[in-house]
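Shown next, in structure tokens, is the structure this report addresses.
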Amino acid sequence: MCGIVALVGSREASPVLLEGLKRLEYRGYDSAGLATVTTDTDTQKGFITCKKAEGKLFNLVDLISVEGAPGHIGIGHTRWATHGKPELRNAHPHVDSLGKVAVVQNGIIENHTLLRESLQNKGIKFCSETDTEVIPHLISEELSRLTQDGAIPNGEMLFLAVKEVLNLLQGSYALAVIWAETPDVLIVAKNKAPLLIGFAQGEFLCASDSSAFAGFTRTVLPLEDKELALLTPLGVEIYDSLGERQHRTPSLIINSEKDIEKGQFRHFMLKEIYEQPETADQWISRYLPDGLSASSPIALSFEDSFYESIESIQILACGTSRHAAMVGAYLLEQFAGIPATVFFASEFRYAPPPLAPNVLTIGVTQSGETADTLAALIMESERRSNLKDNLFSSRQLGITNRIESSIARQVSNIIDIGAGLEVGVAATKTFFGQLLTFYGLAIMFAAKKNKRSLKEINELCSQLRLVPNQLRDLIKIHNRLTEKLAHQFVNTKDVIFLGRGINYPIALEAALKLKEISYIHAEGFPAGEMKHGPIALLDYKVPVISIATQGIVFEKVLSNAQEAKARDACLIGIAPESPETQIFDHLLPIPKVSEWISPLLTVIPLQLLSYHIAAHRGLDVDQPRNLAKSVTVE
Ligand code: M6R
């Protein structure tokens, strides 16, 4: 969470920083701020201008348009609060007591309490509750020590001071530092949080992710953990933690982000729901084109040995990505016959299962930046490499929508879901892309391991090809139906979602969507579990939304729905039109399709219903409170 940008060059920094922050705002929008250095023409002394505003970026834009922030070098930050409330005093940049050193940081300094205490014991006064504020104070302290040491040029002194302070920090950080005494030196560093340097003619931009480089450059170099860099308009020098100069060549980013507009839609989320047929079309033309061989029905470039050697799969993910992974695990086990287990990435890291041989570990993250998922993958790879046994060697695969992201640099096998940039914080089309990817993997494992007949594989492939048009119809119908139904949720405080089998994860996903954008309490349960406790929650005020698709559990889910109805719950069905589904007070109909395919359709009315409930309440659907699109802290 939090996005940082930093520029050194020869043009006014603040417009470039604000543009970068606009593209990083999805990482947090509790406050925004920037600081620049410029030289006073009378005194010839450098000074820092620091401007901050609570809330979304537009507040900072307004402030800068009135008050300005002169200078050709600057740092900027958009915040998702971790330490300290989302208030002005906790907004970045943070400065030292002299107002001469300014710092922006993304990550968490885990030993900040001890560092703060020792600074306070020396008389330093803190202005914020953040973990970050220790950094400018420590740098300032180090600068005054180095100044006493004698004749070191200022730029080098700042570099040495930051390098020294980094040795004191525990935890994760991507940070950028400026100093009033060096109006052309920027120092940046990173550890376990992303930071990339963008190269242009005589100017350099650093940012938390490549989207900030749009319109600036496509030539980019990611920093490695524990590296720090010294940037001036003349060039960039990168060093490792021992102070050894590093030489790497920047590369061209493929997907330079275009400006994404809402077009005719009121919110990005609705637009992104509407884009799902296109996501499916593109996925099919890329991964399921006509004319593939029966032995390789999906266009994935892994060797046959990749599939053949794998005996089981573990999938690490968070939030919506975990729900896609659960559908994936169902498909991998039930369609492809390969044992698959899904873990919360955040839990796996501290309580992994005992090591088994020939395991494929899949990390699923649309942003490619989720700290828990990345850290869990690293931990798994490290504990396997310690064993020094081929059978236990680490085999990892990443599924992401951002092929320029950290996961793509970390994991050698990557599948790009290719859903296009998703702006709404609530994931919709990327969830859809993740689901499709798991269909592709399950088909390949089934084919390569001879777990399904050619006929069964062809049948599933043909059904997948029908999905884009089915989606187009569904979205049209359900946008209208759910908009109307949303009016009935004006006073709703709790909602229960029920599903079974392959649609249980869809019930979980529906509950998550509703919670995050409408702030209504919602839970998803396997329908058969209701009678074991959750049924006590039901009364006429709690709507029950039940996913009942054709297949082995159809009748069972309907019985579970009946049990809810008997407790006066208002019953909404995501189900085909049929005599049995007349039990529902409201039916959001879906076509009769095979159970395998059904999650690709049942999710649509549920996304739309959440959207319309939140929009009807007048909430900020695209940037819900307390959330960020990319969760880069543990
Ligand atoms: O970028 P990731 O897919 O790793 O993100 C994981 C979750 O943070 C994310 O899915 C979150 O739950 C979304 N806000 C869901 O809409």
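Please list Arg245, Arg27 from largest to smallest accessible area, probe radius 1.4 Å, with all protein chains kept in place. The partial results should precede the final answer.
Details: Arg245 105, Arg27 0 Å².
Ranked from most to least accessible, the order is Arg245, Arg27.
Amide H to amide H, which residues 5 or more places from Ala200 or on other chains are under 5 Å from it, using H placed in the peptide plane?
When sequence neighbours closer than 5 places are left aside, the close amide H contacts are Leu205.
Put a dot 7 Å past each Cα toward the Cβ at Asp40 and Asn386; how far apart are the dots in nm?
5.6
Semi-axes of the equivalent ellipsoid for the chain, please: Cα gyration tensor eigenvalues, times 5, square-rooted, ordered largest first, whole Å.
47, 28, 22
Excluding ligands, DNA and RNA, what is the solvent-accessible area per residue of the chain at a probe of 1.4 Å, expressed in Å²? List each step's numbers first, then the result.
On the way: 25090 Å² over 634 residues.
Ligands and nucleic acids excluded, the figure is 40 Å² per residue.
Amide H neighbours of Gly55 under 5 Å, counting only residues 5+ apart in sequence or on other chains, H built in-plane at 1.01 Å?
Under 5 Å from the amide H of Gly55: Ser31, Ala32.
Listed here are the pairs Lys52/Lys125; Lys484/Lys556; Lys51/Lys122; Lys192/Lys515; which of them are more than 26 Å apart at the Cα?
Working: Lys52/Lys125 20 Å; Lys484/Lys556 29 Å; Lys51/Lys122 28 Å; Lys192/Lys515 30 Å.
Flagged as over cut-off: Lys484/Lys556; Lys51/Lys122; Lys192/Lys515.
May I ask you to order 28-41, 8-21 by the average number of other C-beta atoms within 10 Å around their residues, highest value first?
In decreasing order of mean packing, 28-41, 8-21 become 28-41, 8-21.
Quick one: Karplus J couplings for the range 42-56, per residue in order, coefficients 6.51, -1.76, 1.60, θ = phi - 60°, nearest Hz, x for Gly and Pro?
6, 8, 6, 9, x, 9, 9, 10, 10, 10, 9, 9, 6, x, 6
As a quick test, which of the pairs Lys513/Lys629; Lys271/Lys476; Lys429/Lys455; Lys493/Lys629; Lys476/Lys592 have an alpha carbon distance above 19 angstrom in this structure? Don't skip to the end; give the middle numbers.
Numbers: Lys513/Lys629 13 Å; Lys271/Lys476 12 Å; Lys429/Lys455 30 Å; Lys493/Lys629 25 Å; Lys476/Lys592 17 Å.
Going by Cα-Cα distance, Lys429/Lys455; Lys493/Lys629 fall outside the 19 Å limit.
May I ask you to evaluate 6.51 cos²θ - 1.76 cosθ + 1.60, the Karplus curve with θ = phi - 60°, for each residue of the range 303-318 and list the ³J(HN,Hα) values in order in whole Hz, giving x for glycine and proline?
So the Karplus estimates, Gly and Pro as x, are 5, 4, 4, 4, 6, 5, 7, 8, 9, 7, 10, 10, 10, 10, 6, 10 Hz.
Which value at 222 nm does the chain reach when only helices count, each DSSP H run of 4 or more adding -39,500 (n - 2.57), with the total divided by all residues and rounded to the nearest 500 deg cm²/dmol? Show your work: numbers first, answer last.
Working: 17 runs with 222 residues, N = 634.
Mean residue ellipticity at 222 nm (helix-derived): -11000 deg cm²/dmol.
Return a whole-number percent for the relative contact order of the range 268-452, with Cα pairs under 8 Å and 6 or more residues apart as the contact set.
Relative contact order, the range 268-452: 30 percent.
Take every Cα-Cα distance within the range 401-478, group them into 10 Å bins from 0 onward, and report for each bin the whole-number percent of pairs it holds.
Once binned at 10 Å, the Cα pair distances of the range 401-478 give 15, 36, 32, 16, 0.
If I ignore ligands, DNA and RNA and count only protein heavy atoms, how much of Lys51 is accessible to a 1.4 Å probe, in Å² to the nearest 10?
40
Can you send over the carbon and sulfur percentage of the accessible area for the range 3-252, probe radius 1.4 Å, protein chains only?
Details: 5110 of 10030 Å².
Accessible surface attributable to carbon and sulfur in the range 3-252 totals 51 percent.
When only C-alpha pairs under 8 Å and at least 6 residues apart count, what is the relative contact order of the range 525-577, in percent? Don't skip to the end; give the middle numbers.
On the way: 62 pairs, mean separation 24.8, N = 53.
This gives 47 percent for the range 525-577.
Can you give the translational diffusion coefficient of the range 468-622 in µm²/s, computed by Stokes-Einstein from the Kirkwood radius over Cα pairs at 10 °C and 1.306 mPa s?
Values: Rh = 15.1 Å.
Once the numbers are plugged in, D ends up at 105 µm²/s.
Give me the percent relative contact order of the chain, please, defined on Cα pairs under 8 angstrom at least 6 residues apart.
Values: 1411 pairs, mean separation 74.1, N = 634.
Relative contact order of the chain: 12 percent.
Leaving out ligands, DNA and RNA, and with a 1.4 Å probe, what % of the accessible surface on the range 439-588 is carbon or sulfur?
Numbers: 3300 of 6540 Å².
Carbon with sulfur: 50 percent of the solvent-accessible area.
Pairing the Cα long axis of helix 57-67 with the longest principal axis of the chain, what angle in degrees results, from 0 to 90 and rounded to the nearest 10?
The helix 57-67 is inclined about 30 degrees to the chain.
Using only Cα atoms and rounding to the nearest 10 degrees, what angle (0 to 90) does helix 504-518 make with the longest principal axis of the chain?
50
Show me, for the range 616-626, the HN-Hα J-couplings you get by feeding each phi into the Karplus relation (A = 6.51, B = -1.76, C = 1.60, θ = phi - 60°), rounded to Hz, glycine and proline as x.
Running phi through 6.51 cos²θ - 1.76 cosθ + 1.60 with θ = phi - 60° gives 5, 7, x, 8, 7, 4, 7, 10, x, 4, 6 Hz.
For Thr370, Thr147, Thr219, give the ranking by accessible area with the largest first, probe 1.4 Å. Mind showing how you got there, number by number?
Numbers: Thr370 25, Thr147 80, Thr219 45 Å².
So, going from the largest accessible area down, we get Thr147, Thr219, Thr370.
Using the Kirkwood formula over every pair of different C-alpha atoms, what hydrodynamic radius in Å results for the range 268-452? Numbers along the way, then the final one.
Values: mean 1/r = 0.0604 Å⁻¹.
Computed over Cα pairs of the range 268-452, the Kirkwood hydrodynamic radius comes out at 16.6 Å.
The values are calculated or read from the model by the stated rules, or taken from the named source; none is laboratory data. Just so we're clear, the structure is a prediction, and the values are computed from it rather than from any experiment. Neighbour counts run over all protein chains shown; Cβ positions are idealised from the backbone, glycine included. In case anyone asks, the SASA skips ligands and DNA or RNA and just uses the protein heavy atoms, side chains included. Shrake-Rupley method; radii C 1.70, N 1.55, O 1.52, S 1.80 Å.
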